[in-house]
Amino acid sequence: MAGELDPTRTCLLLFDTLNGYLKTQDRRLMPEFGPAVENMRLLIDAFRAEKAMIAYGIGAHRADMGMHKDIWTDTDNRLRPLAKPHWRPSVVAGQWSGQIVDELAARPEDFVVPKFRWSAFAHTYLDQALRVRGVDTLVLVGGSTDVGVAATAFSAHDLDYNLVIPRDACTAHELDNHEQLMRRIFPRMARVRSTLEVVAMLGR
């Protein structure tokens with residue numbers, strides 16, 4: 001188990017790979033996220049070649065905030081101070097912002113899992129879909145590393161999934177947070193590898 005991934009028991013989980021998070025207003029990929037998106041594409045191709053499960057956890061926020069409750073925090077997700085609870089979605093279900101970027105498009109056989117909280121497991125069908133297919137290992141990619149990826153990683157660990165996190169296929173606006181999680185937090189609950197190492201693990 002330490003050196004290989006069984007395609008029949010492994011799922012590639014792409015987290016919040018949406019236009020509203022990864023692209024600019026003029027619909028171009030944000031340059032700082034380009035390398036991670038390229039690596040996610042490599043992983044998608046490798047998983048498709050092995051006919052392994054692919055799932056997308058996507059923010060499915062309502063424009064009217066009907067599934068969100070503001071809670072008290074010191075800052076927003078970008079660490080800007082907040083005088084009072086205030087959150088507005090960057091992605092909205094049914095709009096361009098809430099669609100998966102074309103570079104990483106889902107296929108009909110993939111699992112697209114709507115979510116309303118940071119973790120892709122929180123009140124979604126993801127855990128059931130994985131268990132129905134006998135999956136016990138997740139390869140987790142996407143963004144942001146220090147928000148949804150971290151929340152999903154903690155959930156996966158608590159649900160007893162084996163977890164692999166390709167460090168160069170995750171994104172974050174705060175690079176220091178990304179690096180701290182990859183070096184000091186994720187190794188406690190996962191195998192942290194490069195994209196090419198994961199592709200090699202899947203092909204053994």
**Q.** Search result, residues across the range 75-120 that are aromatic (Phe, Trp, Tyr) and at pLDDT below 85
**A.** Trp87
Q: With the condition kept exactly as written, say whether any residue in the range 77-90 is out of contact with any strand residue (DSSP E or B) (no Cβ under 8 Å at 6 or more places or on another chain), aliphatic (A, V, I, L, M) and at positive phi.
A: yes
Q) Taking the range 163-202, which residues are over 17 Å from Ala36 (Cβ atoms), in contact with a Phe, Trp or Tyr (Cβ under 9 Å, 6 or more places away or on another chain) and not in a helix (DSSP H, G or I)? A) Leu163, Met189
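Quick one: which residue in Arg131, Arg183 is more than 20 Å from Asp6 (Cα to Cα), at pLDDT 95 or above and either in contact with a Pro (Cβ under 9 Å, 6 or more places away or on another chain) or not hydroxyl-bearing (Ser, Thr, Tyr) (or both)?
Checking each option against the conditions leaves just Arg183.
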Q. Could we say that Ala169 is small (Gly, Ala, Ser) and out of contact with any strand residue (DSSP E or B) (no Cβ under 8 Å at 6 or more places or on another chain) here?
A. no
Q. Just wondering, is there one or more residues in the range 22-30 that are outside any loop (DSSP other than H, G, I, E, B), closer than 19 Å to Thr152 by Cβ and in contact with a strand residue (DSSP E or B) (Cβ under 9 Å, 6 or more places away or on another chain)?
A. yes
Q. How do the pairs read when you match residues in the range 190-204 that are on the phi < 0 side of the Ramachandran plot with residues anywhere that are among the basic types (Lys, Arg), using Cβ under 8 Å and keeping only pairs 6 or more apart or on different chains?
A. Val192/Arg167; Arg193/Arg167; Ser194/Arg167; Met201/Arg193
Q) Out of the residues in the range 37-62 that are part of a loop (DSSP other than H, G, I, E, B) and among the aliphatic types (A, V, I, L, M), which is modelled with the highest pLDDT? A) Ala52
Q | Test for Asp70: is it farther than 22 Å from Asn177 by Cα, under 18 Å from the mean Cα position of the chain (by Cα) and without any contact (Cβ under 8 Å) to a residue 60 or more places away in the chain | A | no
Q. Of (1) over 18 Å from Met53 (Cβ atoms); (2) of a type outside the set (D, E, K, R); (3) touching a residue at least 24 places away in the same chain (Cβ under 8 Å), Gly142 satisfies all except one. Which?
A. (1)
Q.
I'd like the full set of residues that are out of contact with any Ser or Thr (no Cβ under 6 Å at 6 or more places or on another chain) and either part of a strand (DSSP E or B) or farther than 23 Å from Glu174 by Cβ (or both), limited to the range 63-83.
A. Ala63, Asp64, Met65, Gly66, Met67, Lys69, Thr75
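The values are calculated or read from the model by the stated rules, or taken from the named source; none is laboratory data. Remember, it's a predicted structure, so these values are computed and weren't measured experimentally. Please note: Cβ atoms are built from the backbone with ideal geometry, for glycine as well, and neighbour counts cover all protein chains shown.
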